[in-house]
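Working notes, structure below.
The values are calculated or read from the model by the stated rules, or taken from the named source; none is laboratory data. Because the structure is predicted, anything quoted here is derived from the model rather than measured. Glycine also receives a Cβ, built like all others from the backbone with ideal geometry; neighbour counts cover every protein chain displayed. Calculation scope for accessible area: heavy atoms of the full protein, side chains included, ligands and nucleic acids excluded. Shrake-Rupley method; radii C 1.70, N 1.55, O 1.52, S 1.80 Å.
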Amino acid sequence: MNKAFIQLSDVTLRYGSASAGTLALDHTSLGIDKGDFVALVGPSGCGKSTILKLVAGLLKPSSGAVIAAGREVGSVASRGPANSNASDAPRLRVGLAFQNPTMLPWLTIRDNVMIPLKIVDPFRQDYRRKRHGEYTDRVEALLTQVGLRGFGDKRPWQLSGGMLQRASLCRALVHEPELLLLDEPFGALDQFTREELWDIMQSLWMSQKPTVLLVTHDLRESAYLANRICVMSARPGRILEVRDVPFERPRTLESSYGADFAALVQQLRMRIAQARRDGDAVDLAHAETTHPSHSKGVPA
């Protein structure tokens, strides 16, 4: 049986102390195959971004394991390989894009996009030799693909929010990552710009085929971009349901307004609404158990 490229196995994560902290994820398991495009959706605060940070190695689980490309995330330097074959596995190249592009204002767009080539193996060994040749060509090709041809010499403050997010996608992909982590990358944009970037993101994924994990609150976005959609419970987060997206690629804006597409989005919306109600009921029951007089309006 083949193991998933990314695997969360019975992961629990608590922020803060065991007694007074916040339980963000509770015994959560998820497998993502190499080259897959998976979206996480669910109520606000359900742990979507927490999963992303766990996979990126920015957080360590309280219990359970996160495995990426045969290695336990965060274990390579400090704890050794996750299994007997892990030492032979190459280091995983990861690309990241967030809601805010966070471009360095003193660099040109070209130099901002080129940053991963300067710091990520194996590209950094050849950076001095290739930065004005092959690496510049690589950056310009990506900028052209996302509609930013001719903007490489501009500074970040000279570009609109949508243009900056296009450049951010280029920076996330310029070093050919095997894993691309997207945390609400289009959430701050207007609807028209967002839909344009869906098309661009779909084209980039189809041409490069990285494994993608997308966190989003936009259900149309999840159905437009992902192969599978994972619906999460209210906090503490768990994967309630995994839905395959049946629509052929390339998907189009017109198709996203069709009856089948709308039906999937509505089903997701109702499932999340139910998850939110279930979470509220659990919170109310906990409050009644902990402070019964307060929940009934009786002075303590």
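Table for the structure above
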item: Stokes-Einstein translational diffusion, region 197-253 - Kirkwood Rh over all Cα pairs, 1.002 mPa s, 20 °C, in µm²/s; result: 173 µm²/s
item: Cα shape, region 157-223, gyration tensor, a/c 1.5 rule; result: oblate
item: Mean shadow area of region 135-273 over all directions, Cα convex hull, nm²; result: 9.3 nm²
item: Percent accessible area from carbon and sulfur atoms, the chain, protein chains only, probe 1.4 Å; result: 52 percent
item: Long-range Cα-Cα pairs in the chain (distance over 30 Å), rounded percent; result: 39 percent
item: Calculated [θ] (222 nm, deg cm²/dmol) that DSSP helices of n ≥ 4 give over the chain, each run adding -39,500 (n - 2.57); result: -11500 deg cm²/dmol
item: Simple Cβ-charge dipole of the chain, Lys/Arg +1 and Asp/Glu -1, about Cα centre, in debye nearest 20; result: 780 debye
item: Region 205-274, dipole about Cα centre (Lys/Arg Cβ +1, Asp/Glu Cβ -1), debye to the nearest 20; result: 280 debye
item: Under the span-like rule (Cα at least 27 Å along the axis, Kyte-Doolittle mean at least -0.5), DSSP H helices of the chain; result: 259-290
item: Estimated FRET transfer efficiency (ALA259, HIS217; beta-carbon r; R0 22 Å; 0.05); result: 0.40
item: Counting DSSP beta bridges with both ends in the chain, the antiparallel % (nearest 5); result: 50 percent
item: Cα-centred dipole magnitude for region 136-279, charges only on beta-carbon of K, R (+1) and D, E (-1), debye, nearest 20; result: 400 debye
item: Environment charge at PRO122 (Cβ cut-off 15 Å; Lys +1, Arg +1, Asp -1, Glu -1); result: +4
item: Subset of LYS53/LYS130; LYS118/LYS154; LYS3/LYS60; LYS3/LYS209 violating a 24 Å alpha-carbon distance limit; result: LYS53/LYS130
item: Within-11-Å neighbourhood charge of VAL215 [Cβ basis; K, R +1; D, E -1]; result: -2
item: Full-extension gain in nm, SER19 to TYR127, via 0.36 nm per residue minus C-alpha separation; result: 34.0 nm
item: Alpha carbon convex hull of region 81-187, projected area averaged over orientations, nm²; result: 7.6 nm²
item: Mean accessible surface per residue for the chain, computed with a 1.4 Å probe while every protein chain stays in place, in Å²; result: 51 Å²
